[in-house]
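The values are calculated or read from the model by the stated rules, or taken from the named source; none is laboratory data. From a predicted model like this one, the values you see are computed outputs, not experimental measurements. Here the Cβ is made from the backbone with ideal geometry for all residues, glycine too, and neighbour counts use every protein chain on show.
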């Protein structure tokens, strides 16, 4: 046997065994998240399952007769917030993304705006709450209105919507734009008729995910003062409101066990809205990746 | 459409889109302005200075004798965020390696959306989970002396909350490492483990560091789960079984009470908010610098 082979011991069996152990550990770690998700859902379902009914959705919360409580005010408040936040944040976010990706010159100003958006996405939601409380609730005297809540949540989700929309615009190949310019379209005509239609499904995924984050948020609403006991549904954007995450938090704060169960039941209602939204968003993306032709 | 009208319309649309983009700059300016104005008023009080605020170890803004030393809140914040990282970094990193280098496409197509769903669970729900499951069923059996509200349960759920961030960013970083590097190593008869740990991990290290920093910033700013699980007891302790208060949960606690507008108690939330904003901003900026400057570039 030559000296070279004597020094080189591949020890392949042992190395492969290490590799198998490592692969197992990585798989296990990846499954930790799923296991927690399952345990969490089972825990909530077990605690609150027996209170969820159509009547639970149609009754107002009650402190004196908790067994007759419901989430009507919180559910309607959350729906109001969702639609108004969507109405503000989606057009503004898409417009900002179109500007940054399709119009903006590559200069310092653009770089500054982009850096700013990236950093805004990392600002804690409670800081947005302080901003909303100071500007919307006090300075604009909107009080604890749906409008103040939706405006605050809109600022919170805007960076996420912009970043997701930009990614979707970036996925549209340049040949689309060049072909439109080639036949004499203006920039807006190009964007509107060719770039946006191709980018919309991808934007939709980002927008739905952002909205589902927004309606699960409680911290900014707590700061603007939404921690009140409300037993009416908002009829206009200026009315007081409560929301599902706030109602959950309120019930959790009560000492009696029945309120914990009501909180779990309200969590089931909230997840009953959020999980389908997530599923739709993920479904749209999967469908789009599947059929993408360019 | 006549050419002139068309040109005017193009111009108007351009300006409108520009102002939509500028709104984000206005938001940042608004945050800084709002926090700065009230913080300035807070520090204008004669018994408060920036130094005593940042170095004081007693936080008691509501009860006499009043004291405005923010260290207990900072300590609580870092205790929980640090504990969350202890959980999220190994799990997220291993999940990132698995997703990028081990998982077959089908498994990956299932696992990625599941992680997104985990990231989409509202934070109050994690708070509920901490209070009704983690503390009584996981921590209490091991450490019977644990209080109902404790830092450990908050750290665990915040850790779970940031696993998707770490996993997904690590996965992105590892997938950006070119195939040729991996194949060169395989050609030298490296095993999969060796390729993962000695080729892919070092090559994607800047992405991993950025992921950890971004996840840490998220953990620092997390409010509701921490408010629910960790209690509201500002104290300078490193014992994870004690109740603590964080910067964010202090702001939430004061907002829930009926502190009169304009009082010094009310101004504390702006000073604490400023500290929270600057802390998370610092970590975000460092993360972006790491990503931009230390990325290995391969053609």
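Brief remarks follow.
- Scanning the range B:196-214 for residues that are over 30 Å from residue B:273 (Cα atoms), at pLDDT below 95, buried (at least 21 other Cβ atoms within 10 Å of the Cβ) and facing chain A (nearest Cβ under 10 Å) turns up at least one hit.
- Near pairs, Cβ below 9 angstrom, 6+ apart or cross-chain, from the range B:39-53 (on the phi < 0 side of the Ramachandran plot and in contact (Cβ under 8 Å) with a residue 24 or more places away in the chain) to any residue that is surrounded by 13 or more Cβ atoms within 10 Å (Cβ to Cβ) and in a loop (DSSP other than H, G, I, E, B): B:42/B:48; B:43/B:49; B:53/B:69; B:53/B:70
- The residues listed here are A:79, A:144, A:75; of these, the one that is in contact with a strand residue (DSSP E or B) (Cβ under 6 Å, 6 or more places away or on another chain) and farther than 30 Å from residue B:283 by Cα is A:144.
- Flag for residue B:68 being facing chain A (nearest Cβ under 9 Å) and either modelled with pLDDT under 90 or touching a helix residue (DSSP H, G or I) at 6+ places or on another chain (Cβ under 7 Å) (or both): no
- The helices (runs of 4 or more DSSP H) found wholly in the range A:44-143 and carrying at least 2 residues that are within 13 Å of another protein chain (Cβ to nearest Cβ) occupy A:72-98, A:108-120, A:125-132.
- Flag for residue B:83 being assigned to a helix (DSSP H, G or I), out of contact with any strand residue (DSSP E or B) (no Cβ under 8 Å at 6 or more places or on another chain), over 30 Å from residue A:209 (Cβ atoms) and in contact (Cβ under 8 Å) with a residue 60 or more places away in the chain: no
- Counted residues, the range A:164-187 - those being surrounded by fewer than 19 Cβ atoms within 10 Å (Cβ to Cβ), part of a helix (DSSP H, G or I) and within 31 Å of the chain's Cα centre (by Cα): 5
- Residues in the range B:173-195 that are within 13 Å of chain A (Cβ to nearest Cβ) and touching a residue at least 60 places away in the same chain (Cβ under 8 Å): B:174, B:192, B:195.
- Looking across B:63, B:79, one residue alone is within 22 Å of residue B:252 (Cα to Cα), more than 14 Å from chain A (Cβ to nearest Cβ) and more than 24 Å from the chain's Cα centre (by Cα). It is B:63.
- Residue within the range B:284-296 that is within 8 Å of chain A (Cβ to nearest Cβ), under 22 Å from residue A:129 (Cα atoms), surrounded by 22 or more Cβ atoms within 10 Å (Cβ to Cβ) and in contact (Cβ under 8 Å) with a residue 12 or more places away in the chain present: yes
- Of all residues in the range A:219-229 being at pLDDT below 90 and crowded, with 22+ Cβ neighbours inside 10 Å, the one that is nearest to residue A:267 (Cα to Cα): A:226
- Beta carbons closer than 7 Å, at least 6 apart along the sequence or on distinct chains, pair a first residue in the range A:252-272 that is under 15 Å from residue B:129 (Cα atoms) with a second that is assigned to a loop (DSSP other than H, G, I, E, B) and modelled with pLDDT of 90 or more for A:270/B:122.
- Some residue of the range A:29-37 being modelled with pLDDT of 85 or more, closer than 16 Å to residue A:267 by Cβ and within 10 Å of another protein chain (Cβ to nearest Cβ): yes
- Of all the listed residues (A:147, A:142), the sole one being over 27 Å from residue A:98 (Cα atoms) and surrounded by fewer than 24 Cβ atoms within 10 Å (Cβ to Cβ) is A:142.
- Residues located in the range A:229-262, provided they are at the interface with chain B (Cβ under 10 Å from one of its Cβ atoms) and either in contact with a strand residue (DSSP E or B) (Cβ under 7 Å, 6 or more places away or on another chain) or part of a loop (DSSP other than H, G, I, E, B) (or both): A:253
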